[in-house]
Every structure is written in structure tokens, then in C-alpha cells.
Amino acid sequence: LMQLFRPLDMLGFVYREVRQGLVDMAAMFRLLDTPAEIRDAPGARPLAVGAGEVRLEDVSFGYEPERQILKGIDIVIPAGSTLAVVGPSGAGKSTLARLLYRFYDPTGGRILIDGQDIAHVTQASLRGAIGIVPQDTVLFNDTIGYNIAYGREGADEAEVRAAAEGAAIAGFIESLPDGYDARVGERGLKLSGGEKQRVAIARTLLKNPPILILDEATSALDSRTEAEIQATLKGIERGRTSIVIAHRLSTIVDADQIVVLDGGRVVERGTHRELLVRRGLYTEMWLRQQAEEQEDVPA
Ligand code: ATP
């Protein structure tokens, strides 16, 4: 009999995960590669979210035991503040985000939200408390209204409109002949990178999570869209504990705290100003990006 139930269990699992928004993050987390070994601990209780303080204590992690990707990471993100994670490609920035969402468990140390080890709370409650705006948003072959409403089960029309408003995409939607009923995705309207990101922002506004992970797109949007999206994101970060995985340092100069990862270790930390004074890796990255941006400006 158990043999019969297992595949059904699995289907239920997939269904729930899809409903909870994992599909949206397939790009960021490589869902299909993710081993399904993370389970609720026996007797796991729901996360009791208070103000939303996030704490990493001596966190280490490797996808394979012989290759450590994160090494002894200590970070405290006070409730409501913004942490930016920067560093060279392959430093472990996305891996850190995956551990926060508990796609993997640390191999050493622990991650606490409001004092509770995330390995000991139910995954549903953990993922309910965290919103993710991924680099690349996957849209369903359905209406744009559905694609936004999916942020929270049972959201009504007025709430969907308010979220679209907050994500600065309401005007665009209202300009479509079918409005919120316009079909998007492969078989419908193709949205631009910026518009897709706004759909993700609207979903997150509906979900209204106390903790936010923003994975900044590597592929550059045009600079006006970029500036507009940044302004919208600043709005949704307000009052939430936010973790921003940043590729362009110019977008995180106001972060309360910047952590520079290199080779899986925190090599520098501080505010933008403090880090520039240190003249280390951050300064080097900053000067390089400034020079690149200068080159991009037409003479
Ligand atoms: P980028 O800025 O290029 O996105 P990153 O700092 O986010 O890089 P990660 O994606 O966290 O870096 O990757 C850190 C290291 O872990 C890399 O060497 C990468 O090859 C490895 N890695 C990432 N995902 C996996 C995986 N699913 N299995 C095995 N190794 C992985």
C-alpha cells in the first residue's frame, strides 16, 4: 500500500510547491537539479515571525562534501534593514539566498529568523514569510491578472489592481485591449524583461512577506527602465528585512550593510562609504564598474 501512496505524496508535494511559487524561482534555484531531501523536521512548528531579524551563525555549505562553497559566514540583518551581497562571479551569492529559502541545509552553523533555526520550522511557514523577486520571472500561459493574483491565494480584483499599481505596471495593463484579462506567456503577449520583473514585484506585494530576497538581473535593462524598477524596488523594501543579491554596485549604495563575498568568505563588510575608505575588493569593483559605465555613455 505504501508503494501506492508514495507517488501520490510526491504529486501532492509538487503541486503544493508549485502553488507556493517555486516555479517562479526555477531560474534562480535550478529547481529540477535540487535534491528533494529537505523535509520538515519531525514535530516542526510554524515559524513565528516577529520583526523579521535574520541571523547567519558560522554558516558553511558545499554542494559536494569535498568542495566548500560558503565558509564560516556570520551575518546579522536587523529587522527591517537591507543587506546587499556583492562579490565576484561564483563567490557564493546565490548559494546564500538558496540557504535562506532552505533549498539546502547548511553543512555547518545555522540560520535563524527571529531566533528560530529555519531547519526546525515548517517549510510552508518559512516560504510564506519570504518573498523572492528573481532575476527571471516565469509567466504562466494565462491572463496577466492571474499571473499577479498567483502571489496570494484568494486575492480579489481590487487587491490585484493595488499590487499592479504598487509595481507601476497598472498603467501598462490598462492600456491593453483586454486589460487584466490579456493573455501572456508563450501563447500570448510577450512581456519585456522589465515588465516581467514588475509582475514579480506585484506578486510579492500581494504576498506581503516580512522578508524579501531580491536577485538583481545580470542582463541589463535599458537605463531608464532600470532606474524605474530600482525606484519601485526601494518602495517594496521599505519596512521589510531585505537581502539584495547585487551585480551593479550603483544600485546598493544606500544599503544599510554591504557584505563582500569572495571564495565563499566574507572578506569585507560595511556601508558603501565605509567600504570605499578601505580601498579593498569593494573599491576595486566600484572603480571598475564606474569606468565601464563611463565607457557606455555616448560621447
Ligand atoms: P554569479 O554572480 O555568477 O551569479 P554567485 O556568487 O551567485 O555567482 P553561486 O551561484 O552561489 O555564485 O555559485 C558558487 C559556486 O557554487 C560556483 O562555483 C558554482 O559553480 C557552484 N554551484 C552553484 N550551484 C551549484 C549546484 N547546484 N551544484 C553544484 N555546484 C554549484
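For this structure, a couple of remarks:
- Filter result for residue 259 (over 14 Å from the mean Cα position of the chain (by Cα) and assigned to a strand (DSSP E or B)): yes
- Residues (within 16 Å of the ligand (Cβ to nearest atom) and either free of Cβ contacts under 8 Å to residues at least 12 places away in the same chain or closer than 22 Å to residue 230 by Cβ (or both)) located in segment 272-283: 282
- Residues that are among the β-branched types (Val, Ile, Thr) and surrounded by fewer than 16 Cβ atoms within 10 Å (Cβ to Cβ), drawn from segment 161-220: 218
- Filtering segment 74-106 to residues that are among the charged types (D, E, K, R) and either out of contact with any helix residue (DSSP H, G or I) (no Cβ under 7 Å at 6 or more places or on another chain) or near the ligand (Cβ under 8 Å from one of its atoms) (or both) leaves 74, 93, 98.
- Among the residues of segment 262-285, those identified as on the phi < 0 side of the Ramachandran plot and in a loop (DSSP other than H, G, I, E, B) are 271, 280.
- Evaluation of residue 119 against (1) closer than 22 Å to residue 96 by Cβ; (2) under 16 Å from the mean Cα position of the chain (by Cα) (one fails), failing number: (2)
- Of all residue pairs spaced 6 or more apart or on separate chains, those with beta-carbon atoms under 8 Å, a first member in segment 225-247 that is free of Cβ contacts under 8 Å to residues at least 24 places away in the same chain and a second member that is outside any loop (DSSP other than H, G, I, E, B) and hydroxyl-bearing (Ser, Thr, Tyr) are 230/251.
- Helices (runs of 4 or more DSSP H) lying entirely in segment 126-214 (those with 2 or more residues that are touching a residue at least 60 places away in the same chain (Cβ under 8 Å)): 193-207
- Pairs with Cβ under 6 Å, 6+ apart, first in segment 88-99 and part of a loop (DSSP other than H, G, I, E, B), second at pLDDT 95 or above and near the ligand (Cβ under 6 Å from one of its atoms): 92/69
- Condition met for residue 110 (among the basic types (Lys, Arg) and part of a strand (DSSP E or B)): yes
- Residue in segment 20-39 that is hydrophobic (A, V, I, L, M, F, W, C), over 22 Å from residue 264 (Cα atoms) and modelled with pLDDT of 95 or more present: no
- Qualifying residue in segment 52-61 (condition: among the aromatic types (Phe, Trp, Tyr), at pLDDT 95 or above and within 16 Å of the ligand (Cβ to nearest atom)): yes
- None of 162, 170, 182, 200 is under 26 Å from residue 252 (Cβ atoms) and among the small types (Gly, Ala, Ser) except 200.
- Whichever residue in segment 208-241 is over 15 Å from residue 135 (Cα atoms), among the aliphatic types (A, V, I, L, M) and in contact with a Ser or Thr (Cβ under 9 Å, 6 or more places away or on another chain) and, among such residues, is modelled with the lowest pLDDT: 236
- Subset of segment 64-94 that is among the hydroxyl-bearing types (Ser, Thr, Tyr) and either buried (at least 19 other Cβ atoms within 10 Å of the Cβ) or over 19 Å from residue 118 (Cα atoms) (or both) - its residue that is farthest from the chain's Cα centre (by Cα): 89
- Residue check for residue 38: surrounded by fewer than 15 Cβ atoms within 10 Å (Cβ to Cβ), within 16 Å of the ligand (Cβ to nearest atom) and touching a residue at least 40 places away in the same chain (Cβ under 8 Å): yes
- Residues satisfying the stated conditions in segment 251-271, i.e. closer than 17 Å to residue 214 by Cβ and away from the ligand (no atom under 16 Å from the Cβ): 253, 254, 255, 256, 257
- Which numbered condition residue 248 fails, given (1) touching a helix residue (DSSP H, G or I) at 6+ places or on another chain (Cβ under 8 Å); (2) buried (at least 17 other Cβ atoms within 10 Å of the Cβ); (3) closer than 30 Å to residue 62 by Cα: (2)
The values are calculated or read from the model by the stated rules, or taken from the named source; none is laboratory data. On a predicted model such as this, the values are computed, not experimentally measured, just so you know. Here the Cβ is made from the backbone with ideal geometry for all residues, glycine too, and neighbour counts use every protein chain on show.
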